[in-house]
Structure formats: C-alpha cells, structure tokens
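Comments concern the structure below.
The values are calculated or read from the model by the stated rules, or taken from the named source; none is laboratory data. Because the structure is predicted, anything quoted here is derived from the model rather than measured. Neighbour counts run over all protein chains shown; Cβ positions are idealised from the backbone, glycine included. The area values use the complete protein model at the heavy-atom level, side chains included, leaving out ligands, DNA and RNA. Shrake-Rupley method; radii C 1.70, N 1.55, O 1.52, S 1.80 Å.
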Amino acid sequence: MFRFPRMGELIRYEKPRTFYLTYGTILLFVLLGYIVRSAKYEFGPELQIRLSIVSIGLIVVFWESLRIINNYLNRVMPFERGTASRVIVQLLSGALVGLLIRYFIYRFGEPYLPFKLDELFAAATWVIYVFVPCSVNLGFFTVHLFDRWKRSLILAEKLEREKTQVQFDNLKNQLNPHFLFNALTSLNSLIFTDQKLASEFLQQLSKVFRYVLQSREKTTVSLQVELTFIRHYIDLLKTRFSGSLLISVDVDNNELESEIVPVTLQILIENAIKHNVIDEARPLYIKIKAKGGYVEVRNNLQPRKRVEESNKQGLENLSGLYGFLTPMPFVIESDEGEFVVKVPLIAH
C-alpha cells in the first residue's frame, strides 16, 4: 500500500560528506554572488548582508526542492520501472520548481531592489532557472547510475565468491570419500597383520575426520591448528605407503598464528599423491614449508600416465577462493623436476 513519505524521511542525508559538499557549494555560490554585486553595484555592507541571506535561503530552497523530488521519485517511480518516463518526469518537475522560484523573485523580490535589472538579462534568467535544475537532475542521474554500477560489481563479486566456495566445498566432498575408502582398505589389512598398529591407525583416522567436521563451517583456521591436523593425516599416509612416501614439515614459528583455509594442506598432499607414481623404487617427496607469508608445498614430479577421478579443477577452485580472502597471489609453479604450490597466509 502506498504511503506518502514523511518529511524527515525525505530530507535525511545518507552521508555527512554529502551534507558538507552540498552546503559548501551553496556558500561558494553566495560568496561569488557577493563578489559580483560588489563589483557591479555600489551597495552598503548592510544591503549586501541582506541580499546574501536571501540568496542562501533561495539556493537552499532550490536545492532541497530538487533533492526531495529526486528522493520521492526514487520511491514511487524508480528507474527500474521505466527509465525514460522517470527522466522526463524529473526534468519537468525540476523545470517547474525553477520557474516557480523565478516567479517568486520576479513578484516579490525585484520590485524592492535598489536597482533595475537589464531587460535582456532579466529575460535570460527565466531560461537559466529552467536549465539549472536540469543540470542538477543530470547530476542525480549520474550518481544513481554510478551507485547502481557499484552495487552490480559488489553483487557480481559476492556471487563469484559464493560460486568459488561451493566449488571448493565440492572438492572437499570429493576428496574425503576417496581418502576414506583408501584409509579403510589399509585398516582392513592391518587388522589381520598388526592389531596394535590398526588401533593407532583408527585413532589417527578419527582425529582427522573430527577436524574435517569441526572446520566444515569455518572460512579459515590458524596455521597451527591446520598443522596439528595435517600431522595426523601424514601419520595415516605413512602407515598406508610406508617408505614410499616421505613428507617433511618446516614451519617458521612466526607464521603459526596466520590463517589458512581448512584442509588446504590435505588437498595439496592428496593432489600430489593422485597425480604421481608412488613406489619403493620411486618414492614421492613432499616438503611443506611456511615462511615469508606463504605455505609452500613442493613435490618431485613423477606423473602417472593415467589419473582417475581428476577434473583438473581442484587447484583452480582453491586459487579462486584465496583470491577473495587475500590480495597476495596463489602461486602454482612447475618445471621438469618439481611441482610447487605457494599458498598465501591470511593475516590474523
């Protein structure tokens, strides 16, 4: 149901700087008027002050009338419903306000001036009082288009971030079942060969999945928390691959309070395992190092001929997610001997 807005809703300024800019401009025009009158006419200071006060009142009424019309039309006739009709209505309304103010000056102001306006200049002022509100309204239109463009950029970034987060969550969901299947297969073998090791393996497995569940809703965790998790994960991998997989961790203590996206290191280790051959003759070396605002995961390259269940989107999705969280680049490097991923740490 339509409700005519209260005056307080119409004249409220959204930002203090808009208020200062508006009335700073008004005072500038009043000062210019004072200078012009002083140069052309011989007025005493008392009359100059009176004319300046009248000028301030007229300019404020003129500006506020146009702004109130703009705010009112934003509610009852937004641009989204019809840009052309909105522009026409606002321009005509502004012209009407200008003509009414000019008539007020002509009817109640000019007869009391101590001088007579030039006829040509007096006629020109009627045209000026039509074009000035058009210029002000064009300014309102420009501000609206700029705000709409800015909102569209923010919305696009938000949607892209949500899309990247969904892709990353899907990646985690793909890796966890794959990892669980391999872990349960290893556990099944240990039950018959080494029950004590099987028990330890199961405890490590429970700690890994407890972390995955606890960090499910978190955007970031501290590097220290992530490393605690990854050490449990490494213990599982060592049991599974024995001496065929060698993983080292070297972390600067100054970086432990920095933030990282949960399970980032698991994804990178799993990615290295999935794409490289691992056997006793060709062990896979993975080095995790944190220093200088980055976590670096480096592995030697011995690529598999065929990689199962690889959509080649994992690192891209991870990189996109970090792109929203930090301005530092997510770096992927590869040469003939090594594959390196440098993950930017997020300031706590």
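Quick rundown of the values:
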item: Burial ranking of peptide ranges 88-96, 147-155 (average Cβ count within 10 Å, highest at the top); result: 88-96, 147-155
item: Accessible-area value, THR83, 1.4 Å probe, nucleic acids and ligands omitted, Å²; result: 70
item: Low-density loop positions, trypsin sites (Lys or Arg not before Pro), the stretch 276-348 - DSSP coil, at most 16 other Cβ in 10 Å; result: ARG304, LYS305, ARG306, LYS312
item: Loop sites in the stretch 227-270: GluC sites (Glu not before Pro), DSSP, at most 12 other Cβ within 10 Å; result: GLU257
item: Set LYS238/LYS291; LYS218/LYS289; LYS150/LYS287; LYS150/LYS291; LYS305/LYS342; LYS207/LYS342 screened for pairs whose C-alpha atoms are more than 32 Å apart; result: LYS150/LYS287; LYS150/LYS291
item: Solvent exposure, largest accessible area first (probe 1.4 Å, DNA, RNA and ligands not counted), of GLU336, GLU157; result: GLU336, GLU157
item: Average projected area [Cα convex hull, the stretch 249-348], square nanometres; result: 6.9
item: Long-range HN-HN contacts of VAL277 with modeled amide H, under 5 Å; result: GLN302, ARG304
